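Notes follow the structure.
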Amino acid sequence: MKTIKRAALWVDSFFEMFSLTALLAMILIVTTQVMTRKLFHFVLFWSEEVTLLLLVWFSFLGIAFGFREHLHLAIDTLTSKFPSSWNRVLDKLIYASIFAFGIYLVVSGTEFTILMNESTLAATKLPNSVIYAVMPITGVLVCVYSLLQFIGIDTRRHRGNEEGDA
């Protein structure tokens with residue numbers, strides 16, 4: 001069991017570090033692009049395409065990490081008036097819905113990735129499927145997080161993100 005937990009944490013940490021690296025790379029590429037365009041009237045031909053690719057990967061992985069950290073949008077004005085037993089049932093329903101969304105990402109993302117494998121991006125000549133490959137990865141992560149949350153395991157790795165924390 002410890003080996004499985006260690007492997008899961010490694011995969012989770014890998015994708016988290018990848019998304020942070022993608023964010024940093026986007027900042028550096030866009031900054032360089034703006035500076036070279038304004039100062040030297042020169043634009044790196046691949047910069048816009050790579051930035052778009054990194055933005056898509058960062059955004060989709062951010063979806064999964066948002067679910068992991070319970071940062072998704074929740075309006076509890078009405079549900080706070082319900083008894084706690086109802087809220088537990090609603091939480092299970094929410095986790096099941098999130099799991100279904102993860103399944104949708106896996107299925108649709110796999111279809112898009114396969115469909116777009118034949119065409120290439122204009123500047124980098126990478127297959128278009130590189131953009132869509134993050135969808136099934138995000139779907140698997142969302143399914144794992146929602147399943148763990150459904151059975152009562154807290155998936156949050158970063159504390160202090162809860163509402164009301166200063």
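The values are calculated or read from the model by the stated rules, or taken from the named source; none is laboratory data. Quick caveat, the model's predicted, so the values are computed rather than measured. Note: ideal-geometry Cβ built from the backbone for every residue, glycine included; neighbour counts use all protein chains shown. Side chains are part of the model used for accessible areas, which takes the heavy atoms of the whole protein and leaves out ligands, DNA and RNA. Shrake-Rupley method; radii C 1.70, N 1.55, O 1.52, S 1.80 Å.
Worth pointing out:
- Note that the chain shows a convex hull volume over its alpha carbon atoms of 158 Å³ per residue.
- Cut-off of 10 Å, at most 13 other beta carbons, DSSP loop: longest stretch of the chain lacking such GluC sites (Glu not before Pro): 1-161
- If the chain linking W10 and I94 were pulled fully straight, counting 0.36 nm for each residue of separation and taking away their Cα-Cα distance, it would gain 27.6 nm.
- 3J(HN,Hα) from dihedral phi, segment 100-115, Karplus parametrisation 6.51/-1.76/1.60, rounded to Hz, x for glycine, proline: 4, 4, x, 4, 4, 5, 5, 5, 5, x, 5, 4, 4, 4, 5, 4
- D91 - accessible surface, heavy atoms, 1.4 Å probe, Å² rounded to 10: 70 Å²
- When all protein chains stay in place and ligands, DNA and RNA are ignored, the 1.4 Å accessible-area order of W46, W86, W10, W57, largest first, is W10, W86, W46, W57.
- Helices in the chain, meaning DSSP H runs of at least 4 residues, each add -39500 (n - 2.57). Divided by all residues, the mean residue ellipticity at 222 nm is -24000 deg cm²/dmol.
- Heavy-atom SASA rank of M116, M17 (probe 1.4 Å, accessible area, largest first): M17, M116
- In a fully extended conformation the segment linking T32 and R157 would gain 41.7 nm over its present Cα-Cα distance, using 0.36 nm per residue.
- Against the criterion of solvent-accessible heavy-atom surface with a 1.4 angstrom probe, Y145, Y95 sort, most first, into Y95, Y145.
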